[in-house]
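**Student:** Provided herewith is a single structure, encoded as structure tokens, for subsequent inquiry.
The values are calculated or read from the model by the stated rules, or taken from the named source; none is laboratory data. If you're wondering where the values come from, they're calculated on a predicted model, not measured in any experiment. For neighbour counting, all protein chains shown are included, and Cβ atoms are generated from backbone atoms with ideal geometry for every residue, glycine included.
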Amino acid sequence: MEAKLIRTGDEFVIRIPVKKAEEAGLRDGQTVTVSRSPAFLTYAEMIAEMDRLGPAYRPEVIDWGPDVGAEIIRDDYT
């Protein structure tokens, strides 16, 4: 769901269409938690979050073997 953020004085207000809010089970006056989407986290923030959550949240390191073919980067083309 997308919502519009609007500044009103010293506050920001998130505007959600009534139909979308009702579909999501939201109601007038309800307190909700707002968090940043992982898509907007920096790489350093993602690493810090994995460290905070513990070793179970660290991805497994995969050894794909030596580079062969098109994935080899050659910078001498200039």
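**Student:** Can you give me the number of residues within the stretch 13-22 that are within 23 Å of the chain's Cα centre (by Cα) and surrounded by 10 or more Cβ atoms within 10 Å (Cβ to Cβ)?
**Tutor:** Of the residues in that region, 6 qualify.
**Student:** Taking Val34, is it in a loop (DSSP other than H, G, I, E, B), in contact with a strand residue (DSSP E or B) (Cβ under 9 Å, 6 or more places away or on another chain) and loosely packed, with under 10 Cβ neighbours inside 10 Å?
**Tutor:** yes
**Student:** Here is a follow-up. Can you find a residue that is hydroxyl-bearing (Ser, Thr, Tyr) and within 21 Å of the chain's Cα centre (by Cα) anywhere in the stretch 3-11?
**Tutor:** Within the stretch 3-11, not a single residue is hydroxyl-bearing (Ser, Thr, Tyr) and within 21 Å of the chain's Cα centre (by Cα).
**Student:** Further question: Among the residues of the stretch 1-12, write down those that are surrounded by 10 or more Cβ atoms within 10 Å (Cβ to Cβ) and touching a residue at least 12 places away in the same chain (Cβ under 8 Å).
**Tutor:** Within the stretch 1-12, Ala3 is the sole residue that qualifies.
**Student:** Return the residue satisfying two criteria in turn: it lies in the stretch 37-61 and is outside any helix (DSSP H, G or I) and either among the hydrophobic types (A, V, I, L, M, F, W, C) or under 13 Å from the mean Cα position of the chain (by Cα) (or both), and of such residues it is modelled with the lowest pLDDT.
**Tutor:** Ser37
**Student:** Right, here's the next one. Only residues that are of a type outside the set (Gly, Ala, Ser), more than 28 Å from Met1 (Cβ to Cβ) and surrounded by fewer than 10 Cβ atoms within 10 Å (Cβ to Cβ): list them for the stretch 37-69, please.
**Tutor:** The answer is Pro55, Pro59, Glu60, Val61, Ile62, Asp63, Trp64, Pro66, Asp67, Val68.
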